[in-house]
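Structure first, then comments.
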Amino acid sequence: MAKVTVDGIEVEVPSGVSVLQACEAAGREIPRFCYHERLSVAGNCRMCLVEVEKAPKPIASCAYPVADGMKVFTDSPMVRNGRRGVMEFLLINHPLDCPICDQGGECDLQDQAVSYGLDHSRYKEEKRAVKDKYMGPLVKTIMTRCIQCTRCVRFATEVAGVPELGATNRGENMEIGTYVEKALTTELSGNLIDICPVGALTSRPYAFVSRPWELRKTDSIDVLDATGTNIRVDTRSGEVLRILPRTNDDVNEEWMADRGRFSFDGLKRRRLDRPWVKVDGKLKPATWAEAFGAIAAKFKGIPGERIGAVAGELADAEAMVVLRDLLEALGSRNLECRTDGAALDASRRDFYTFNTGIAGIEEADALLIIGCNPRTESPVINARICKRVAGGGVPVGFVGPRGLDLTYRHDWLGEGGVTLRALADGTHRFNEVLRGAERPMLILGRDALTRADGAAVLAAAWQVAAQNNMLQADWHGFNMLHHFGGQVAALDLGFVPPAGGAAIAPQIQALWLLGAEVDPAAIPAGAFVVYQGHHGEAAAARADVILPGAAYTEKDATWVNTEGRVQRGRLAVYPPGEAREDWKIIRAASEVLGKRLPYDSLDAVRTRLAAVNPAFGGEGFAPHGCADLAGPAGDATAVTDAAFAPVAGNYWQADVISRASPTMAECAKVYAAPAAALAAE
Amino acid sequence: MTTPDTTIPFTQPDSFSFDAESNAAIETIVKRYPAGKQASAVIPLLYVVQRQMKRQTGSAWVPNKGMDAVAERLGMAPIRVYEVATFYFMFNMKPIGKYHLQVCGTTPCWLRGSDEVTRACKDAGHVAGFGQTSADGMFTMTEVECLGGCVNAPILCVDDDYYEDMDYESTVKLIEALRRGEQPAPGSVIGRQTSAPVGGPLTLTDVPGE
């Protein structure tokens, strides 16, 4: 520890921290552009100058380590003059286009120029202009505004793990870019917009849309992947205009994946905004009363065991628990949530969650990835792995398609079943690495369980964990990586059929689909189908009654991420048209069906949630070890030789919302055929 | 300006691979650096690319594919090589003429008549100005900062060779010789021994016993 005096305030900070951090510990604000807590120190903007006693010149506090007894001044004449000088230089080549700049109102340069700069400019010479660069369909560049802090270069290299940005040429001619023009190959490109302290990198879809002070900000949770990214939904007059990440060090730090950030324009398109009822084989617009009437008429004669319900990947916990109770009241346990057919075992929570926790990745000293591409399944978790690998040289073993670019160095062990069996037997060379580690962990992809031998894969993966020191009293190294925000909550609520039961089976006569994209061919021909959701695709077209539900930005709802972390999303805008919050729809239907459920408020539903599974009693995630080594049902030796197939579909259009999004459609086009798109640019 | 503005129309080659001579050079160069620090060899390797291009195409420049080849050989991200290559003006990012006339314009050379050397390059080489290439593609002229040969100023550096004590006439003669395909011996053009005084040594002329 070092004792440092900042403007007369004495603080004790760990030795080795920078003067800037010591100043922050003392509560003094230090202006900065290039310094960012989560990136390496560059020290090139010189805005963080402070005076240190006995030092002849001001020092750049971000890159200067503290020393015991140091006296720092952050507001002396020398510092004020230094900052003014630096600001004057930064503004020399910066255009005066704030009125047409999208960063206006939330621009570090603007704010700091007002707070620390000179009140006028003495510069009369010519300014330089820089050609704009192409960085993909999401990031708009106005490179003349760039102050060359190199945050984006460091972000791309250190966090996203794609060293594609750089500073080429030098001096007056220095430019930030990819040099050879191309779209950045990262699923985290939106973060470049957040990290840029000026208006050089801004959001292309948000260009000229709004000013920050016009927006209503609602804290919520992203559900378009299973990370549970904490988000802020910015809205104006009932329309979502942009989504930004919130800082949560345990989950997403301050990053966010592109699909969650940019696909919200799909919330306005192809929406189910009114009830529909099928009349003579054709869906016709209807009122709520007519829709409920049709349901009541059909459900009346059907015995409970012939009714099924399927929850989709984006269903919220409240809707699912109410639907579960409705089915129970009707005498049915035919529930299903695994629309992808993953052989998940819901009997114990640690069989299907990311037990290590996302932050736990930083403690791991060996990692095995099985049948999963974390880069596309959860870019933010992948960034955490990238950080761990870069920081600690952690060995990463990968079982899956060969030649996949995970953004970090990894050891490809094999393609599929053969390798997994060898790992489970303890005869693979990577077993040595795992056994030598103190905190080994594995990540099992949900896709790996969708094969015919899914249960065996799950059992084999558990066996790998159990036999390689991953399951300890204070460390649980077995991790499932899910794909969407509603999947874990469904398992927590036991939204799976009892032994011998099934939600989609030939004997089913009525099926309730809660946003579930079930293949219409799998639905029994004569079955009466109710589709409740916000976007309709093939399953909705098959439905006999469509009930318009709310998307994740349009309801107060509980979400559980892949870790099993319970988080609350909040209503940012009201559902469009006649659409309603999902649990209310089911509650209303229960009344029509003569099985009135006793939930009259959100609190009542949440109380019920906690009663069904105590995990819903509070928010957050409790780190835990593994006391019981007994594995999930399934024969570990029955894993077939088949390779783990690459994830089907593309990252950009993985769910109903992003499939309705024009922005995501463009991304899919650009990243599927980058050469063709560049030629058109 | 890091790269001469060239009037030569050009396209980036589709591929680049090191030839036998380059591979031999790379092997020697990379050995100089400790294991794991191979990226330190990026500058010498860029020179290897530039020299190979000179051998193969007659123009010493570094194409994008050449930088990619360096990146691959040294296990670096291509952008890191682009950053280095564009930073140093010794690497030409576009094709240049057959001979690169680099006139030193820093104070000692300037005081000793580098303007005359420049004028001679323009007249004899038919080059319009700094950063330009002659119409016949023979010469590209650039102005460079101190070449470190101030004692024998002014200096004209042609590709890798220094020609010293230049004036208008000797520059014209040199350029005409180059145009004829000759390779005049580098060094002082007035017969000075290395950097000894003009006309011969003035000190240590009476070594005892000689």
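The values are calculated or read from the model by the stated rules, or taken from the named source; none is laboratory data. Keep in mind the model is a prediction, meaning the values are calculated, not measured. Here the Cβ positions follow ideal geometry from the backbone for every residue, glycine too, while neighbour counts run over all protein chains shown. Side chains included, ligands, DNA and RNA excluded: accessible areas come from the protein's heavy atoms. Shrake-Rupley method; radii C 1.70, N 1.55, O 1.52, S 1.80 Å.
Provide the per residue accessible area, probe 1.4 Å, for region A:2-92, rounded to a whole number of square angstrom. Present the calculation step by step, with values, prior to reporting the outcome.
Values: 4280 Å² over 91 residues.
That works out to 47 Å² per residue.
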Per the 1/(1 + (r/R0)^6) rule, R0 = 22 Å and r from the Cβ atoms of residue B:57 and residue B:177, FRET efficiency to 0.05 is 0.45
In degrees, nearest 10, the alpha-carbon axis of helix A:454-467 is tilted away from the dominant principal axis of the alpha carbons of chain A by 50
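Need the full-extension length gain, residue A:302 to residue A:604, defined as separation in residues times 0.36 nm minus the C-alpha distance. One decimal, nm. List each step's numbers first, then the result.
Numbers: separation 302, 0.36 × 302 = 108.72 nm, distance 2.90 nm.
Going from the current span to full extension adds 105.8 nm.
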Rounded to the nearest 10 Å², the accessible area of residue A:595 at probe 1.4 Å:
80
Going from the alpha-carbon gyration tensor of the protein assembly as shown, what semi-axes, largest first and in whole Å, does one get by taking the root of 5 times each eigenvalue?
64, 31, 28
Please find the FRET efficiency linking residue A:390 to residue A:17, where r is the Cβ-Cβ separation and R0 is fixed at 25 Å, and quote it to the nearest 0.05.
0.75
Gaussian network model of chain B, Cα within-10 Å springs - most flexible of B:161, B:14, B:115
B:14
Approximate shape of region A:344-482 as ellipsoid semi-axes (Cα gyration tensor, √5λ), whole Å, largest first
19, 17, 16
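Using just the Cα positions, wrap region A:492-557 in a convex hull and report its mean projected area in square nanometres, one decimal place. Could you put the intermediate results ahead of the total?
Numbers: hull surface 21.1 nm².
That works out to 5.3 nm².
Write out the trypsin sites (Lys or Arg not before Pro) in region B:119-210 meeting two conditions: DSSP loop, and at most 10 other Cβ atoms within 10 Å of their Cβ. Each step should come with its number before you reach the end.
Working: sites: B:119, B:122, B:173, B:179, B:180, B:192; in loops: B:180, B:192.
Hits after loop and neighbour filter: B:180.
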Take the Cα gyration tensor of region A:513-590, multiply each eigenvalue by 5, square-root it, and list the three semi-axes largest first, rounded to whole angstrom.
25, 16, 11
Taking only Cα atoms and a 10 Å spring cutoff, compute GNM fluctuations for chain B and point out the largest among B:46, B:111, B:156.
B:111
Loop trypsin sites (Lys or Arg not before Pro), region A:388-451, which have at most 13 other Cβ atoms in a 10 Å radius of their Cβ (DSSP)
A:402, A:409
So if I place +1 on the C-beta of Lys and Arg and -1 on the C-beta of Asp and Glu, and nothing else carries charge, what would the dipole magnitude of the protein assembly as shown be about its Cα centre? I want it in debye, nearest 20.
1540
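Expressed as a whole percentage, what fraction of the accessible surface of region A:2-92 belongs to carbon and sulfur atoms when a 1.4 Å probe is rolled over the protein heavy atoms? Spell out each step's value before the answer.
Numbers: 2200 of 4280 Å².
Using a 1.4 Å probe with all protein chains present, region A:2-92 comes out at 51 percent carbon and sulfur.
State the extension gain, in nm to one decimal, for the chain segment bounded by residue A:499 and residue A:75, taking 0.36 nm per residue of separation less the distance between their alpha-carbons.
On the way: separation 424, 0.36 × 424 = 152.64 nm, distance 7.10 nm.
Additional length available on full extension: 145.5 nm.
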For chain B, what mean projected area does the convex hull of the alpha carbons give, in nm²?
15.1
Cα-projected label distance for residue A:129 with residue A:100, points at 7 Å along beta-carbon direction, nm
1.1
Work out the charge dipole of region A:334-394 with +1 on the Cβ of Lys and Arg and -1 on the Cβ of Asp and Glu about the Cα centre, then indicate which of A:378, A:392, A:367 is farthest towards its positive end.
A:392
For a protection proxy built on the mean count of beta-carbon atoms within 10 angstrom, sort A:49-59, A:517-527 highest first, please.
A:49-59, A:517-527
Return one whole number: the accessible area per residue of region B:27-177 in Å², for a 1.4 Å probe.
43
So which lysines can residue A:124 reach, going by Cα to Cα under 30 Å and dropping same-chain residues fewer than 8 places off?
A:57, A:133, A:140
FRET efficiency, 1/(1 + (r/R0)^6) with R0 25 Å, evaluated for residue A:269 and residue A:650 via beta carbons
0.85
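For the interface of B with A, what's the total buried accessible surface in square angstrom, probe 1.4 angstrom, rounded to the nearest hundred?
Details: alone 11460 and 26510 Å², together 36890 Å².
Chain pair B/A: roughly 1100 Å² of buried accessible area.
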With every protein chain kept in place and a 1.4 Å probe, the residues B:203, A:663 fall, from largest accessible area down, as B:203, A:663
Simple label model, 7 Å out from Cα along Cβ direction - residue A:232 to residue A:612, nm:
3.3
Note: A:166-173 gets an average of partner chain Cβ contacts (10 Å, Cβ to Cβ) equal to 6
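What number do you get for region B:99-188 when its Cα radius of gyration is normalised by 2.2 N^0.38 Å, N = residues?
Details: Rg = 11.5 Å, N = 90, 2.2 N^0.38 = 12.2 Å.
Rg over 2.2 N^0.38 Å, computed on Cα atoms: 0.94.
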Would you check the accessible area of residue A:412, probe 1.4 Å, heavy atoms only, in square angstrom rounded to 10?
70
What does a probe at residue A:638 reach in region A:349-393, counting residues whose amide N is under 12 Å from the point 7 Å along Cα→Cβ?
none
Just how much of residue A:122 is accessible, in Å², when a 1.4 Å probe is used and the result is rounded to the nearest 10?
150
In a Debye calculation with equal point scatterers on the alpha-carbon sites of region A:126-214 and no solvent, what is log10 I(q)/I(0) at q = 0.11, 0.14, 0.15, 0.16 Å⁻¹?
-0.29, -0.46, -0.53, -0.60
Total Lys pairs in chain B closer than 24 Å by alpha-carbon, pairs eight or more apart in sequence or interchain only?
13
Put one equal scatterer on each alpha carbon of region A:186-291, apply the Debye formula with no solvent term, and list log10 I(q)/I(0) at q = 0.12, 0.17, 0.23 1/Å to two decimals.
-0.53, -0.83, -1.30
Starting from the alpha-carbon convex hull of region B:20-87, give the projected area averaged over all orientations, in nm².
4.2
Choose one answer from B:194, B:171, B:142: the residue with the largest mean-square fluctuation in a GNM of chain B with alpha-carbon springs under 10 Å.
B:194
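Provide Rg over Rh for region A:356-406; use the alpha carbon set for both Rg and the Kirkwood Rh (inverse mean inverse pair distance). Don't skip to the end; give the middle numbers.
On the way: Rg = 10.3 Å, Rh = 11.2 Å.
Ratio value, two decimals: 0.92.
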Simple spin-label estimate for residue A:537 and residue A:210 in nanometres, 7 Å along Cα-Cβ
2.7
